[in-house]
Amino acid sequence: MTHSTLVADEASSGLPETKVLFEDDFEGRSTLGEGYRTGRGMEAGWSIRDGVLFGKQIRDDHGSTMRKQMKFGDLHVSFDFRFNGGSRFNFVIDDNNEESVHAGHVARASLTPKRMMISDDKFGLMNLEVREKRKTKSLPTEQQKELEDLLARTQASAAIQAKPGTWHHLELTIHGTVMTVHLDGKEVVSLDSTGFAHPTKTQFGMTVNGSSIDFDNLCVFATE
């Protein structure tokens, strides 16, 4: 067993055990393979060695993206991660057919070694109308206050300690309007926001910023 496998086994969140719909320990190959895709021009940002997926930023203007194609509504997913020089990663949930948001983004969890933030992107950060307002430098005071209140309602964050060079285990669930994240078996942050219940999600995956962040033991469980 790899060290990251031991982390996954020891870091149970206490959530009910359900059927495994998909799992990948990245063993026995050097490329992502079928069912995954990377951002255009970001192929070199992702590699597999010795059963571990390595992600690194290779463009100055955007983190390296990797997505697993899968249709779902609610979600229960877990994986191991290790900060190995990288500064941040986002676990992003998309609907490629949703036109009200930037790049299909409907939800995310964003992690640095010291902080975790979760976001309802459908009605918050990635909503096209919200993005336009955020770009406006001189919004009327009332509209600026409404924007700030909206962003506050669609985000939640908490301090964490994800020691660089050490494997950690993350477990994320979406049930209806509620997203909850456990880190190393303990609940860290939860948020009830309407956009999480978006019914037709089509993919999930990572966006990595910095020199390297590593992943292993990706697993998706049934939610019913």
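The values are calculated or read from the model by the stated rules, or taken from the named source; none is laboratory data. Since the model is a prediction, treat every value here as computed from it, not as a measurement. Cβ sites come from the backbone with ideal geometry, for glycine too, and all protein chains shown count toward neighbours. Please note that ligands, DNA and RNA were not included when accessible areas were found on the heavy atoms of the full protein model with its side chains. Shrake-Rupley method; radii C 1.70, N 1.55, O 1.52, S 1.80 Å.
Quick notes on this one:
- Between the amide H of residue 101 and those of 128, distances stay under 5 Å, these residues lying 5 or more places away or on another chain, with hydrogens modeled in the peptide plane.
- Tensor-based shape of the stretch 47-105 (alpha-carbon gyration tensor, a/c under 1.5 rounded, otherwise prolate or oblate): oblate
- Taking Lys and Arg as +1 and Asp and Glu as -1, the other residues whose beta-carbon sits under 11 Å from that of residue 122 total -3.
- In this simple spin-label approximation, residue 187 and residue 212 carry label points 7 Å from Cα along the Cα→Cβ vector, and these lie 3.6 nm apart.
- Using the Cβ-Cβ distance between residue 49 and residue 178 with R0 set to 41 Å, the FRET efficiency works out to roughly 0.65.
- Fully extending the segment from residue 134 to residue 69, taken as 0.36 nm per residue of separation minus the present Cα-Cα distance, adds 20.4 nm.
- Neighbourhood charge, 12 Å Cβ-Cβ cut-off, centred on residue 148 and excluding it, Lys, Arg +1 and Asp, Glu -1: +1
- Taking all protein chains as they are arranged and a probe of 1.4 Å, the heavy atoms of residue 192 leave approximately 100 Å² accessible to solvent.
- For residue 46, the accessible area of its heavy atoms, probed at 1.4 Å with every protein chain present, is near 20 square angstrom.
- Comparing 68, 135, 163 in a Gaussian network model of the chain where C-alpha atoms under 10 Å apart are linked, the largest mean-square fluctuation is found at 135.
- Using a Förster distance of 41 Å, the FRET efficiency for residue 222-residue 142 (Cβ separation, nearest 0.05): 0.35
- Among 120, 149, 74, the largest mean-square fluctuation in a Gaussian network model of the chain (Cα springs under 10 Å) belongs to 149.
- Karplus-derived 3J(HN,Hα), 6.51/-1.76/1.60, for each residue of the stretch 212-219, Hz, glycine and proline x: 6, 9, 10, 9, 7, 6, 6, 8
- Checking (1) 50, 38, 25; (2) 54, 38, 38; (3) 57, 39, 33 against Cα extents along the principal axes in Å calculated from these atoms, the matching label is (3).
- GNM flexibility winner over the chain from 111, 15, 53 (Cα, springs under 10 Å): 15
- Modelled FRET efficiency - R0 45 Å, residue 163 with residue 100, Cβ distances, 0.05 increments: 0.70
- Accessible-area composition of the stretch 14-53, carbon plus sulfur, in percent [1.4 Å probe]: 47
- Taking every protein chain into account, the accessible area of the chain amounts to 50 square angstrom per residue (probe 1.4 Å).
- Rounded percent of accessible protein surface that carbon and sulfur make up, the stretch 96-224, 1.4 Å probe: 50
- Partner lysines for residue 71 [C-alpha distance under 23 Å; skip if fewer than 8 residues away on the same chain]: 19, 122, 201
- Helical contribution to [θ] at 222 nm, DSSP H n ≥ 4, -39,500 (n - 2.57), averaged over the chain, rounded to 500: -4000 deg cm²/dmol
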